[in-house]
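Chemist: First the structure, then my questions, so here it is.
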Amino acid sequence: MTCHVVSSYFSDTCFIFSVIGLVINICSLLHGLLGKSCDVMKPEEAFPSLCGKFLIAMPGMGDSRFERSVIYICAHSPEGAMGFIVNRTMDSPTVLEFLEQLEIIAEAEKDKIPIELSAGLMHVGGPVEPGRGFVLHTSDFESSSTVEVRENVSLTATLEILRAIAVGKGPEKTILALGYSGW
């Protein structure tokens, strides 16, 4: 019995350290993307919104769509929440293929696209509206449909931002995602 408790304790401790390591890696990734470090959730007076925070899927949750997922929360209110899985990319379409499918760039323009963009992968944002594209980005780009998530993070879901990105006039750092996570 003692061995099981000790074994369970060490297993739980290893899991906790794995999760902490994952959070640190995701925070480092987003710090590199957004130039800002992650905040620890702070209690707020009214509704404690999780907007701008991370939601980490627990192991064994039983839903393969969110297994091992880290979701960046972009909107959160008593009515619901919306966010994007930030640690899962898809093999196809690539960013370049996505821009071609939407006819943002023509076949002849492919060689003019910056290397980091043409080699980029799309993210699986979540299971809701998987055919709809979203761009989570630094706040150095703004349009009439841009939503500020927090001080240096914005969200835009228009062809306008994709055109700007394709010609090198978009935000400095981006995550392009198909679909979103909502509840």
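Chemist: Is there a residue in the stretch 153-167 that is in contact (Cβ under 8 Å) with a residue 24 or more places away in the chain, under 30 Å from SER49 (Cβ atoms) and not hydrophobic (A, V, I, L, M, F, W, C)?
Modeler: no
Chemist: Mind listing whichever residues of the stretch 128-154 are over 18 Å from the mean Cα position of the chain (by Cα) and loosely packed, with under 13 Cβ neighbours inside 10 Å?
Modeler: Restricting attention to the stretch 128-154, the residues satisfying the condition of being over 18 Å from the mean Cα position of the chain (by Cα) are 142-145.
The answer is SER143, SER144, SER145.
Chemist: Sticking with this one: Run down VAL124, VAL70 and say which single residue is under 29 Å from SER49 (Cα atoms) and in contact with a helix residue (DSSP H, G or I) (Cβ under 6 Å, 6 or more places away or on another chain).
Modeler: VAL70
Chemist: Among the residues in the stretch 171-183, are any surrounded by 12 or more Cβ atoms within 10 Å (Cβ to Cβ), free of Cβ contacts under 8 Å to residues at least 60 places away in the same chain, part of a strand (DSSP E or B) and not polar (S, T, N, Q)?
Modeler: So far as the stretch 171-183 goes, yes, one or more of its residues are surrounded by 12 or more Cβ atoms within 10 Å (Cβ to Cβ), free of Cβ contacts under 8 Å to residues at least 60 places away in the same chain, part of a strand (DSSP E or B) and not polar (S, T, N, Q).
Chemist: So which residues in the stretch 112-147 are touching a residue at least 60 places away in the same chain (Cβ under 8 Å) and among the hydrophobic types (A, V, I, L, M, F, W, C)? Show your work before the answer.
Modeler: We begin by selecting, within the stretch 112-147, every residue touching a residue at least 60 places away in the same chain (Cβ under 8 Å); these are 126-127, 136, 138, 147.
Matches in the stretch 112-147: LEU136, VAL147.
Chemist: Within the stretch 118-140, which residues are touching an Asp or Glu at 6+ places or on another chain (Cβ under 8 Å) and closer than 13 Å to SER92 by Cα?
Modeler: The answer is LEU121, and nothing else.
Chemist: Quick one: what pairs do we get from the stretch 94-111, first residue within 18 Å of THR158 (Cα to Cα), second part of a helix (DSSP H, G or I) and polar (S, T, N, Q), C-beta under 6 Å, 6+ apart or different chains?
Modeler: LEU96/SER118
Bear in mind that the values in this text are calculations on the coordinates, not laboratory data. Note that the structure is predicted; figures quoted are calculated from it, not measured. Cβ atoms come from the backbone with ideal geometry, glycine included; neighbour counts cover every protein chain shown.
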